[in-house]
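Just below is one structure, and these are the notes that go with it.
The values are calculated or read from the model by the stated rules, or taken from the named source; none is laboratory data. This one's a predicted model, so the numbers in the text were calculated from it and none came from an experiment. Heads up, the Cβs are rebuilt from the backbone with ideal geometry, glycines too, and the neighbour counts pull from every protein chain shown.
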């Protein structure tokens with residue numbers, strides 16, 4: 001999209017109302033989102049449990065991009081572009097696996113797990129060392145969560161790490177067991193999916209089971225009062241840092257620990273534990289710890305499990321959502337937890353959300369769509385929209 005056209009769209013955006021139609025529908029805007037939003041920010045790729053042994057890998061797909069997230073013999077985690085330096089073929093064609101070396105299936109160029117070219121069949125004289133290594137992305141590991149940065153100038157990660165570690169360490173997520181993984185394809189723009197996650201204005205009508213379980217009432221008239229029960233946790237959790245870290249105006253992360261209903265120890269349909277106590281938590285009464293990192297991670301850590309939601313744009317009106325459930329590293333499936341019971345709460349809630357997002361997209365596609373006003377319960381959406389528009393500004397104006 002020409003910069004002038006993007007500038008016109010940005011100038012048309014008004015505070016307090018939803019975004020212009022093109023920002024949810026245009027293929028040109030989608031490509032700008034990949035470059036200016038996903039190409040400039042730390043992205044959650046996955047968890048160490050996906051690659052427990054040297055050579056294990058999974059691919060991280062993002063629009064037209066594909067990265068290979070792989071563990072080396074030295075237990076280092078590398079993120080290399082899934083693009084052969086010979087003629088551009090994809091190297092790993094399966095979403096996950098294990099490899100002694102990364103071998104391109106087209107002409108068998110072979111690469112080490114850190115991306116170094118090892119062998120270019122019949123072409124040694126034309127491939128001097130270091131010249132045709134795979135492109136690499138920056139990687140940071142935090143409590144078992146793998147973050148990657150696709151750009152040349154990663155923003156600061158250290159402050160995020162400093163704030164998150166004391167709030168998360170008791171869950172011992174780094175050594176947790178991946179109990180279940182499910183991927184959904186949502187027929188909606190990624191921003192509509194993100195916006196849905198940033199408000200609970202829709203919860204009473206959209207999530208009656210969630211409201212009955214988490215706040216005690218699915219009734220719309222009682223919902224606002226009931227939501228007040230989900231207050232931030234205070235100093236009642238000994239040894240656990242509970243102070244909220246709110247979004248700053250252009251900040252990309254937010255932490256909040258909140259208490260559940262008094263008769264609930266976890267986010268489950270009946271409030272009872274669905275797995276053993278995680279890590280080194282002091283007890284069951286620690287509430288739920290929520291993390292949001294823009295543009296693609298939502299995490300809720302309970303006393304007995306952690307749920308992660310990874311959002312990645314796949315097209316102008318197509319988003320992939322990967323939902324993972326983690327339990328104590330020593331927990332045994334069928335003995336210490338049942339997968340259906342473990343996943344029921346967030347599986348039902350997520351699938352209800354995806355339907356709402358798809359209906360939202362169909363309406364936004366209409367010739368009669370115009371941006372509408374945000375309500376008091378949509379402040380989280382307003383922050384995201386301001387953050388997003390800021391990402392699209394020319395670098396010298398950011």
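Computed values, structure above
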item: Identity of the residue in the range 371-381, surrounded by fewer than 18 Cβ atoms within 10 Å (Cβ to Cβ) and in a helix (DSSP H, G or I), that ends up nearest to the chain's Cα centre (by Cα); result: 379
item: Residue among 283, 315 that is farther than 19 Å from residue 203 by Cα and either surrounded by 22 or more Cβ atoms within 10 Å (Cβ to Cβ) or touching a residue at least 40 places away in the same chain (Cβ under 8 Å) (or both); result: 315
item: Single residue of the range 253-266 satisfying the filter (under 13 Å from residue 298 (Cα atoms) and in contact with a helix residue (DSSP H, G or I) (Cβ under 7 Å, 6 or more places away or on another chain)) that is surrounded by the most Cβ atoms within 10 Å (Cβ to Cβ); result: 255
item: Wholly enclosed strands (runs of 3 or more DSSP E) of the range 1-87 bearing at least 2 residues touching a helix residue (DSSP H, G or I) at 6+ places or on another chain (Cβ under 7 Å) and under 24 Å from residue 183 (Cβ atoms); result: 56-62
item: Test for residue 263: is it farther than 22 Å from residue 145 by Cα, assigned to a loop (DSSP other than H, G, I, E, B) and either over 20 Å from the mean Cα position of the chain (by Cα) or at pLDDT 85 or above (or both); result: yes
item: Failed item in (1) over 14 Å from residue 177 (Cβ atoms); (2) modelled with pLDDT of 95 or more; (3) touching a strand residue (DSSP E or B) at 6+ places or on another chain (Cβ under 7 Å); (4) not in a helix (DSSP H, G or I), with residue 290 passing the rest; result: (2)
item: Failed item, numbered, when residue 388 is tested on (1) under 30 Å from residue 180 (Cβ atoms); (2) in contact (Cβ under 8 Å) with a residue 60 or more places away in the chain; (3) crowded, with 20+ Cβ neighbours inside 10 Å; result: (1)
item: Meets criteria (within 26 Å of residue 271 (Cβ to Cβ), more than 20 Å from the chain's Cα centre (by Cα) and in the same structural domain as residue 296 (by TED's automatic domain parsing)) for residue 368; result: no
item: In the range 131-181, the residues that are more than 19 Å from the chain's Cα centre (by Cα), surrounded by 14 or more Cβ atoms within 10 Å (Cβ to Cβ) and in the same structural domain as residue 92 (by TED's automatic domain parsing); result: 132, 133, 134, 136
item: Test result for residue 288, surrounded by 23 or more Cβ atoms within 10 Å (Cβ to Cβ) and within 21 Å of the chain's Cα centre (by Cα); result: no
item: Where residue 92 falls short, out of the listed (1) at pLDDT 95 or above; (2) farther than 23 Å from residue 315 by Cβ; result: (2)
item: Matching residues in the range 344-358 - criterion: being within 16 Å of residue 181 (Cβ to Cβ), buried (at least 17 other Cβ atoms within 10 Å of the Cβ) and touching a strand residue (DSSP E or B) at 6+ places or on another chain (Cβ under 8 Å); result: 346, 347, 350
